[in-house]
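The structure appears below as structure tokens.
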Amino acid sequence: MSLSFLHPALLWGLAAAAIPLAIHLFYRRRPKPVPFPAIDFVMQARRETERRLKLRRVLLFTARTALLAAAALAIARPQLDAPEARAAQGPAGPAATAIVLDTSASMAYRLGGKTLLERAREDVLEVLSALGPDEPATLVICGGEAAPSADPPDFDRVGLRRRVVDAAQGYAHADLTTCVAAAARALGDPAAAAARRRRLVVATDLTASAWRLDAQPPVVSTPAGPARPEVTLLDAARGERLGNRWVSGLVAEPEPAVGSHGYRFGVAVSGEGVEAARDVPLSLRVGSGKEERTVVRSLLELPASGSTRKTLAHDLAAGGPVVVTASLPPDALPEDDALTLVVDVPRDVKVLVVNGAPSAVRHRDAAYFLEAALSGPASPVRATVVDAEGFGKARLADFDVVMMLDLRSPGPKAAELASFVENGGGLFVAMGDDVDPDRYEAEAKGLLPAPLHVVKTAAERGTPGAEAKAARLAEIDWEHPALRIFTGQAREGLESVRAWRYMLLKPAPRESGARVLARYDDGAPALIEARRGRGRVMLYASTLDPEWSDWTIRTSFLPAMQRIAGWLAGALDERRSAPSVVGAPRPLSLPAGLALAGVLGPDGRERRDLAASGDPAREGGPVLTPDRPGLWQLRIRDLATGGERIDPALSFAVWPDPRESDTRRLEPSELTAWFGGEAVARVASDGKPGGSRQVPLWSWLLLLAIAAFLAEGLLVSSP
């Protein structure tokens with residue numbers, strides 16, 4: 001049994017206990033004897049009185065001294081380290097020990113200038129130092145492996161210490177239930193049969209997300225049958241609460257109102273076990289490495305527990321993949337205070353608009369409304385308008401997309417137009433009175449998604465009841481990249497489009513790969529697309545002027561035309577895969593002719609060890625398992641030239657595992673009950689592996705000080 005102090009530096013307060021003695025000595029006087037027989041009888045009475053008061057002075061002196069000494073000792077927080085009964089009531093003797101060291105992301109939490117993993121390492125090293133020479137041991141590093149394994153217990157203390165010291169901080173989720181099961185299996189190995197006891201030591205932070213208490217507790221196979229091991233849980237947090245605040249979500253959606261490359265970013269922030277806060281800074285950064293810069297700063301109000309959302313908007317100046325990061329000020333667990341997202345920003349698109357039916361009346365001109373939609377201030381499209389004659393002289397290679405409106409037929413340009421699409425260009429065709437289905441079939445056979453047939457009149461515009469008889473759009477493919485921006489009430493802008501006349505199409509051959517994006521309410525295709533080589537072709541069965549349809553006056557027309565132009569140009573790729581989670585395998589899709597040469601982690605260092613798993617000849621392509629959050633970049637090799645480069649289009653974001661951000665802790669009694677109760681398991685909240693418990697004494701000292709204060713008052717007030 002030993003005595004220790006939580007705040008030993010405050011023991012200087014004990015000097016205050018000498019104050020009553022100093023006062024007593026200072027005021028003590030030595031009387032001078034003066035013979036005076038007349039008052040001898042008075043002195044005799046005084047001596048009798050002094051004998052009565054002497055005891056009171058001693059008691060008063062003792063009460064004052066005890067008051068000051070007890071208060072000083074209580075401030076120093078003394079505690080008695082008393083030996084505790086062995087947790088496991090197994091037989092005495094040497095024990096085979098299996099140690100589980102938690103290296104998950106939550107162990108990066110900092111307390112008192114150290115991470116929890118650093119504390120856990122110290123605790124495990126102390127366990128190893130306390131082992132006897134006849135006690136074998138093994139170690140399980142629990143840092144996110146799906147099926148951790150443990151070697152049989154042995155006597156290689158140097159090797160175990162080296163593994164503990166070298167255990168790196170992980171960023172994945174750790175399943176401690178699986179890890180302790182692996183440790184229990186190691187204790188059942190014949191190499192541990194000579195030991196009479198089986199002991200399991202787990203160094204962790206007791207976060208609830210790491211345990212699955214619905215699973216079976218660990219059991220050791222021994223020659224006498226299954227047995228529960230002695231369990232000691234070393235609490236790296238020392239019983240303290242682990243409050244945390246983190247960025248839990250980040251989404252990006254186009255926002256044309258902000259600019260031609262405008263986006264709105266929805267940021268979710270969560271907290272657990274922290275105090276409510278106002279005016280918490282939230283930053284939006286763009287770029288990576290040295291080119292990273294903060295573009296938006298905002299403030300948000302956070303509840304003590306729960307989540308809140310904030311929307312930020314910014315115009316991303318250039319097209320292509322852009323790295324965006326939303327971040328909070330770093331806290332005790334900084335790894336989850338930021339989320340990164342790679343946004344594919346549409347690049348500027350050059351469009352050649354071929355006006356097949358020019359008109360002096362602007363609102364009747366086939367290209368008037370389309371040109372206005374593509375040339376808006378927030379549009380990424382740059383449109384050039386020509387008539388049929390100008391189309392014959394245009395150089396298609398200078399454009400990304402050709403949009404033909406009410407053009408009779410491609411004419412001599414048909415072959416060049418087909419080659420333009422095959423090589424990656426985009427083609428949009430809208431119908432009209434001048435379109436000749438037979439000439440399209442003869443000059444551009446197989447280019448359109450489906451052959452043209454005949455014009456159908458649903459109603460004559462302007463006649464009574466025409467509004468009700470007009471065809472409406474139905475069965476719209478809202479998941480198509482060109483139409484995905486229409487959500488909620490915005491969809492009404494497409495659903496309300498009416499067409500009085502439209503071109504019926506012949507059934508498309510099965511091998512044409514046609515995809516219907518919208519139909520009229522009679523089932524006829526209204527918007528249909530198909531791939532041709534590396535390019536795309538889209539056909540609208542009505543007109544982009546008010547003659548056949550009223551789409552041009554609907555709110556959906558402007559964003560739809562801009563998105564369709566971007567899609568046909570390849571500026572809108574298919575939806576990028578969602579960010580990965582640390583520790584989750586991520587298949588990599590590499591373009592033809594390229595091989596994986598290297599991987600750059602979020603710290604900017606090349607990870608050749610991870611790149612080795614990316615064998616281009618392997619079935620299914622290379623697979624990468626990122627081990628930390630942030631931006632990951634791929635170095636690719638051109639198989640034709642041998643050159644290597646970083647391809648921004650293949651970069652991807654990795655997010656922290658949300659289970660590790662939730663730092664709520666289990667009650668020690670709940671965890672020990674799962675292991676089998678206090679008879680076999682205990683939690684050492686002081687981090688000490690030995691069987692000892694701390695008895696606090698400061699509360700008793702405070703009671704002593706209060707009692708001394710009351711006694712001093714009674715003695716002073718008594719006559």
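Of everything in region 463-484 that's of a type in the set (A, V, I, L, M, F, W, C) and surrounded by fewer than 18 Cβ atoms within 10 Å (Cβ to Cβ), which residue is modelled with the lowest pLDDT?
Filtering first and then ranking leaves A466.
Give me a count of the residues in region 606-624 that are within 27 Å of R659 (Cα to Cα) and modelled with pLDDT of 85 or more.
Residues meeting the conditions: 2.
Which residue out of G376, G411, G424 is in the same structural domain as T552 (by TED's automatic domain parsing), over 27 Å from D315 (Cα atoms) and within 41 Å of the chain's Cα centre (by Cα)?
Within the list G376, G411, G424, the selection yields G424.
For the subset of region 325-341 comprising residues that are out of contact with any Lys or Arg (no Cβ under 7 Å at 6 or more places or on another chain) and not in a loop (DSSP other than H, G, I, E, B), which member is surrounded by the fewest Cβ atoms within 10 Å (Cβ to Cβ)?
P334
Mind checking whether some residue in region 343-362 is under 26 Å from the mean Cα position of the chain (by Cα), part of a helix (DSSP H, G or I) and either within 19 Å of V251 (Cα to Cα) or without any contact (Cβ under 8 Å) to a residue 12 or more places away in the chain (or both)?
No.
Only one of A499, A458, A514 is crowded, with 20+ Cβ neighbours inside 10 Å, in contact with a strand residue (DSSP E or B) (Cβ under 7 Å, 6 or more places away or on another chain), farther than 23 Å from W567 by Cβ and of a type in the set (A, V, I, L, M); which?
A458
With respect to S542, determine if the residue is in contact with a helix residue (DSSP H, G or I) (Cβ under 8 Å, 6 or more places away or on another chain) and buried (at least 24 other Cβ atoms within 10 Å of the Cβ).
The answer is yes for S542.
Please give the number of the condition T552 fails out of (1) at pLDDT below 95; (2) assigned by TED's automatic domain parsing to the domain that holds R472; (3) part of a loop (DSSP other than H, G, I, E, B); (4) over 17 Å from D477 (Cα atoms).
(3)
Yes/no matrix, rows are residues, columns are (1) acidic (D, E); (2) farther than 30 Å from E291 by Cα; (3) buried (at least 18 other Cβ atoms within 10 Å of the Cβ):
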residue	(1), (2), (3)
T625	no, no, no
I636	no, no, yes
I646	no, no, no
P656	no, no, yes
D662	yes, yes, yes
E670	yes, yes, no
A679	no, yes, no
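When you go through (1) modelled with pLDDT of 90 or more; (2) more than 28 Å from R605 (Cα to Cα); (3) of a type in the set (D, E, K, R) one by one for E272, which number turns out not to apply?
So E272 meets the others, but not (1).
Considering region 285-313 alone, what residues qualify as being of a type in the set (D, E, K, R), surrounded by 12 or more Cβ atoms within 10 Å (Cβ to Cβ) and farther than 20 Å from G266 by Cβ?
If the condition is that a residue be of a type in the set (D, E, K, R), surrounded by 12 or more Cβ atoms within 10 Å (Cβ to Cβ) and farther than 20 Å from G266 by Cβ, then E292 is the only one that fits.
Residues that are closer than 30 Å to G392 by Cβ, at least 2 per element: which helices (runs of 4 or more DSSP H) completely within region 412-509 meet that?
Output list reads 414-422, 437-443.
Does L116 satisfy the condition of being hydrophobic (A, V, I, L, M, F, W, C) and under 22 Å from S149 (Cβ atoms)?
When the stated conditions are applied, L116 does not pass them.
Taking the criterion of being within 23 Å of N355 (Cα to Cα), among the charged types (D, E, K, R), in contact (Cβ under 8 Å) with a residue 40 or more places away in the chain and part of a loop (DSSP other than H, G, I, E, B), would at least one residue in region 537-547 satisfy it?
Yes.
Tally time: how many residues in region 381-406 are crowded, with 22+ Cβ neighbours inside 10 Å and either farther than 16 Å from D434 by Cβ or assigned by TED's automatic domain parsing to the domain that holds D315 (or both)?
5
The values are calculated or read from the model by the stated rules, or taken from the named source; none is laboratory data. What you see is a predicted model; the values in this text were computed from it and never measured. Virtual Cβ from ideal backbone geometry, glycine too; neighbours counted across all protein chains shown.
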